[in-house]
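The block underneath contains the structure these notes are about, expressed in structure tokens.
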Amino acid sequence: MLKKIIHTVTTDPFKIIVRLFSKFFIVWVSTKKNIEIKGKLVLVGYPLIDIQKGSALYIGHNVTLNSRNKGYHVNMHSPVKLYADKLGAEIHIGDNTRIHGACLHAYTSITIGKNCLIAANCQIFDGGGHDLSFSDVDNRIHTTGTSKPIVIEDSVWIGINSVILAGVTIGKGSVISANSVVVKDIPPMVLAGGNPAIIIKKYEGEKNNKQTSMF
């Protein structure tokens, strides 16, 4: 144990500060009435958690929120951001899910299942921000748009820099390749990617089970 501490101090002294801050942060978050943490929460770095009055955040057991670039396999440009800013908005994150430097912005509802992998710099938001307002474009700036729930089912892997838009459901076990924009439902057990994302491959047994370099 002592050797491990000495190694950390000499190779990455900031890591100790990060860990201590994470423990205090978890305690502080746990005191919020509209935030429920159902078990162990692993924080790496400092996330942005902004759950407004009248909205709620539910975090399952053994969830990891990674906001620290050091040690991550690609460049992460921002911390994890969990933002629910409308009355009744909810964010649900299932057990064992890992989120790295991604933004979840709920107007209505974002549900992330169990055992999901969400890579760095992903943007997941269930509202458009503004209406199209082509009949009155000068008024567009004053609109707030509509929202539809997002559901990401269990064991989904979302590659870096992907965007998941309002009303989308991604089926269990599916993989979204890097830099994709998902605008419509993705069925279970497929590889999808592109802008807009389309199905690239369907799972047909062990022959399609190898890791790909697309992520």
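When you look at Gly167, is it at pLDDT 95 or above, surrounded by fewer than 19 Cβ atoms within 10 Å (Cβ to Cβ) and farther than 18 Å from Gly60 by Cβ, yes or no? Show your work before the answer.
Values: at pLDDT 95 or above: yes; surrounded by fewer than 19 Cβ atoms within 10 Å (Cβ to Cβ): yes; farther than 18 Å from Gly60 by Cβ: yes.
The answer is yes for Gly167.
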- request: Given the conditions (1) surrounded by fewer than 18 Cβ atoms within 10 Å (Cβ to Cβ); (2) touching a residue at least 40 places away in the same chain (Cβ under 8 Å); (3) out of contact with any strand residue (DSSP E or B) (no Cβ under 8 Å at 6 or more places or on another chain); (4) not hydrophobic (A, V, I, L, M, F, W, C), report the number of the one that Asn121 does not fulfil.
  value: (1)
- request: Return yes when Asp138 is closer than 20 Å to Met189 by Cα, surrounded by fewer than 18 Cβ atoms within 10 Å (Cβ to Cβ) and out of contact with any helix residue (DSSP H, G or I) (no Cβ under 9 Å at 6 or more places or on another chain) and no when it is not.
  value: no
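Go through Gly129, Gly173 for me and flag whichever is at positive phi and in contact with a Pro (Cβ under 8 Å, 6 or more places away or on another chain). Before the answer, list the steps.
Working: Gly129 fails: in contact with a Pro (Cβ under 8 Å, 6 or more places away or on another chain).
Only one candidate qualifies: Gly173.
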- line: Per the filter on segment 81-121, residues more than 18 Å from Arg68 (Cβ to Cβ), of a type in the set (D, E, K, R) and assigned to a strand (DSSP E or B) are Glu90
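Do the conditions hold for Ala178, that is, is it part of a loop (DSSP other than H, G, I, E, B) and at pLDDT 95 or above? Step through it out loud before you land on a result.
Working: part of a loop (DSSP other than H, G, I, E, B): yes; at pLDDT 95 or above: yes.
Yes; evaluated as a whole, the condition is true for this residue.
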- prompt: Within segment 181-215, restricting attention to residues that are in a loop (DSSP other than H, G, I, E, B) and among the basic types (Lys, Arg), which residue is modelled with the lowest pLDDT?
  reply: Lys210
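Please enumerate the residues belonging to segment 53-78 that are of a type in the set (A, V, I, L, M, F, W, C) and under 16 Å from Leu104 (Cβ atoms). Walk me through it before giving the result.
First, pick out the residues of segment 53-78 that are of a type in the set (A, V, I, L, M, F, W, C): 56-57, 59, 63, 65, 74, 76.
Across segment 53-78, the qualifying residues are Ala56, Leu57, Ile59, Val63, Leu65, Met76.
The values are calculated or read from the model by the stated rules, or taken from the named source; none is laboratory data. None of these values were measured; they are calculated from a predicted model. Cβ sites come from the backbone with ideal geometry, for glycine too, and all protein chains shown count toward neighbours.
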